[in-house]
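Contents: one structure, followed by commentary.
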Amino acid sequence: MRSGDLQWFTLPAGACAWVKGAARACFYVLMLALAVYLSTGPVHAATTATLAKDAGTLRVGSKRFTESYILAEILAQTAAVATREPPRVLQGLGNTAIVFEALRAGSIDVYAEYVGTIAQEILKSQQTLTLPQLREQLAPLGLGVDIPLGFNDGYALTMRKADAARLGVTTLSDLAAHPSLRFGLSNEFIGRADGWRGLAASYGLPQAPTGLDHGLAYDALAQGRTDVIDIYTTDAKIEALDLLVLVDDRKYFPRYDAVLLHRLDVPQRFPAAWSAIGTLAGSIDEAEMIGMNARAELHGVPFDRIARDHLGGQSVDAASGASGFLGKLFGPDLLRLTLQHLLLVAVSVLIACAVAIPAGVAVASSPRSRTIVLGVASLLQTVPSLAMLAVLISMTGRIGVLPALVALTLYALLPILRNTCTGLAEVPPGLRSAALALGLTPAQSMRLIDLPLARPTILSGIRTATSIAIGTATIAAFIGAGGYGERIVTGLALNDHGLLMAGALPAAALALVSELGFEAAAWRRRRTLSLTPRQDASAASPPRRVPMARNTG
């Protein structure tokens, strides 16, 4: 068989060159993103600390609400005075379950928690526990609790004062007489042992609550879309929105005194930092905490500035922290967040391709295996992202980039795997028979015929997976993996719509650029294929016969 007999099976030279060039460009972009990502500053690049546990740096975590952000900055700045290397702050890691798992795994060393939450949500105790009792029960977990900060931030329910006055509602018991009231409660409060279930049973409340993000609940209440929401008693918007905090007349809610939950070895590993942090005991009262929350939520003052002002006793004009939308959109963190987002998306999609395409090739010819593999991939796609992140934190023992990459890769598998199987199934059987007749092995037939013909369908799956990864990568910020989600998470905590849009718009723009890139690649391929037959026909046409002059002589 002549080598020319197989030319029609191979990819056009232009397409091969384009694929190689695109792969090379992706590699360079990925390396650049990784280099910049790993070289960012110590606070904003705190997520890179999770790649390797650094025993020499104190890591301070926070939950995903304003007060926790501020307290994390206060802890870090207090410790920084006594240490050579400033602590790393991992802000907005998520709800109690995620932050607690991060602490147990050693990805963070300390964060501000509340005694009621520790007793009922973490230790699952039905009784009020004292600080010594909490220490005793946490010790087997390798954890400790210490340094009461001086204020109580409990749960409460609130209504608009006008509605409460009209209905005659002043206590939680009064709510039972108004079953038509709409309850918009935070998802964590609905699921907590000391939250909605126990409260409804204690007061006989018949209402069915709707889950809302805590930061958005105030907007919903102010706009009349809900009637009752749960709040923290140190929230700044209670007075600003003229709300009535309903009296807990049956004393259902325990005290939620703020304390520090930490790993047991922290005082030994960081004695100077821990000694400095100890000076915070009893240093913040409820009025001060409400004031700090107000500066963040109502005036847009950055968390680190609020912490500096509190520790230094300064009084800074709150309005100085506010900035316009363009300032938030094109802020100094835009490049860092873009590179972090690109890194998460590129690495996860590349790994998904490396797993899903070979898997699709392996099971494409077996209906039973294909059904099982696609079923598993579909099942992974249905797992809620926050639940998957919480499980991965527990499995990997880390927060940040590693569990985020694993989650994004798992979510990207299905479209690539499904399209690989579909593309291979659409290859005409006659071409495979022709390949066998020409003496090709099954592996050669797959490489030279099946995969080239299935390539458009496979690329369509990669295109879908990339779009999914760009959107889902914003969730990675909940566990400190960076990206545009940092702005979205902070915007949710502060109820700052400008900051929310400053995170959402770049993500949408990145998705649009991705779509345009894939569309340009598809157009280039179509153009290359449309030119190839004409070039081949031109080359194969016989030479034109030149008429010869007659010999009339």
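No lab work stands behind these numbers, since they all come straight from the coordinates. Everything numeric in this text was worked out from a predicted model, so none of it was measured. Because the Cβ atoms are built from the backbone with ideal geometry, glycine has one as well, and the counts that use them run over all protein chains shown.
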On a C-alpha basis, how far is the centre of region 66-91 from the centre of region 264-278 in Å? Whole number, if you could? 13 Å
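Give me the net charge for the shell around Gln120: Cβ to Cβ below 9 angstrom, other residues only, Lys and Arg +1, Asp and Glu -1.
Values: positive: Lys124, Arg192; negative: Glu121, Asp194.
Combined, the nearby Lys, Arg, Asp and Glu give 0.
Once you have the Cα-Cα distance between Ala82 and His299, take 0.36 nm times their residue separation minus that, and quote the gain in nm to one decimal. Intermediate results must be reported in sequence, preceding the final value.
Details: separation 217, 0.36 × 217 = 78.12 nm, distance 3.09 nm.
Using 0.36 nm per residue and subtracting the Cα-Cα distance, I get 75.0 nm.
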Cα centroid separation - region 359-405 against region 93-157, whole Å: 31 Å
Under a plain spin-label model, where a point goes 7 Å from the Cα along Cα-to-Cβ, how far apart in nm are Thr396 and Lys251? 4.6 nm
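Using the 10 angstrom Cβ neighbour count as an exposure proxy, how do Arg104, Arg197 rank, fewest first? All intermediate terms of the calculation are to be shown ahead of the outcome.
Numbers: Arg104 17, Arg197 13.
Lowest to highest Cβ neighbour count: Arg197, Arg104.
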Provide Met446, Met159 in ascending order of the number of other Cβ atoms located within 10 Å of each residue's Cβ, fewest first. Met446, Met159
Listing Ile372, Ile70, Ile399 by rising number of other beta-carbon atoms within 10 angstrom, fewest first, gives Ile372, Ile70, Ile399
Gap in Å between the Cα centre of region 223-258 and the Cα centre of region 184-221? 11 Å
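Which FRET efficiency value, to the nearest 0.05, is calculated for Thr171 and Ala240 with the Förster distance at 30 angstrom and r the Cβ-Cβ distance?
On the way: r = 23 Å, r/R0 = 0.77.
E between Thr171 and Ala240, to the nearest 0.05, is 0.85.
Taking 22 Å as R0, compute the FRET efficiency from the Cβ-Cβ separation of Thr441 and Ser365 and round it to 0.05. Working shown, then result.
On the way: r = 15 Å, r/R0 = 0.67.
Taking R0 as 22 Å, the efficiency between Thr441 and Ser365 is 0.90.
Rounded to the nearest 0.05, what FRET efficiency do Asn187 and Glu136 have when you use their Cβ-Cβ distance and R0 = 35 Å?
Numbers: r = 31 Å, r/R0 = 0.89.
My answer for the efficiency is 0.65.
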